[in-house]
Structures are given as C-alpha cells and as structure tokens.
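Below: the structure, in structure tokens.
The values are calculated or read from the model by the stated rules, or taken from the named source; none is laboratory data. Note that this is a predicted model, so its numbers are computed, not measured. So basically every Cβ, Gly included, is an ideal-geometry build from the backbone, and we count neighbours across all protein chains shown.
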Amino acid sequence: MARGERSEKKPKPKGKDPLEEAISVFARGDYARAAPMLERASHDPELSEGAKSQAQALHAATRVERGALYVGLASLALVIIVITATALTQPG
C-alpha cells in the first residue's frame, strides 16, 4: 500500500445528526425553531424508532397548552370589557 492511501474510505460527516441539532435548539429554549426540526426528525426514515419517538415527544412538548391559551384569551377579553365599560361610563 502506498504512503498516504487509506484502506477504507470513511464517509464524511455532514454535520450534526438532525435530531441532535433539534435537541440542542430545544435545550437552548428556542421552541419556535425546534418544533419544525423535531417534526422533520420524527418522520426521518434514517432514524431509529426510539429516536423518532423521542422527536415526537419533544415536538409535543413545544405545543401551546390549551389551558394557557384560554386564560390568555379570557384575560384579553376582560381587559377589553373593562376599557369599554370605563369609556362608556365617563361623563360628558
């Protein structure tokens, strides 16, 4: 074998694994960016079933909780009601 030649060619890594990258983005708290990455990872045919289920679980964790959404909408409605009632009861 000549000098500098390799007996086996190793594939060059393309970078981070998509799931690992999505997990690191999720861990930093960037849930808006992590959600689509986790969605893609959960349907990636190259990932194992365990990795896909982990991606699905983390993707579910990025969803907005309905309770928080309802509380926010109710608070907004209350503010609008108070402002409207205050404006209508002002004299003259």
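Only residues that are part of a helix (DSSP H, G or I) and polar (S, T, N, Q) were counted across segment 52-92, and they come to 6.
Summed over segment 61-86, residues that are surrounded by fewer than 11 Cβ atoms within 10 Å (Cβ to Cβ) and closer than 24 Å to Pro18 by Cβ total 2. Those residues that are at pLDDT below 90, outside any loop (DSSP other than H, G, I, E, B) and among the basic types (Lys, Arg), I need them from segment 8-51; list them, please. Matches in segment 8-51: none. Within segment 29-45, being more than 8 Å from the chain's Cα centre (by Cα) and either crowded, with 19+ Cβ neighbours inside 10 Å or over 14 Å from Ala61 (Cβ atoms) (or both) holds for Arg40, Ala41, Ser42, His43, Asp44, Pro45. A count restricted to segment 33-60 and to residues that are among the small types (Gly, Ala, Ser) and free of Cβ contacts under 8 Å to residues at least 12 places away in the same chain stands at 5.
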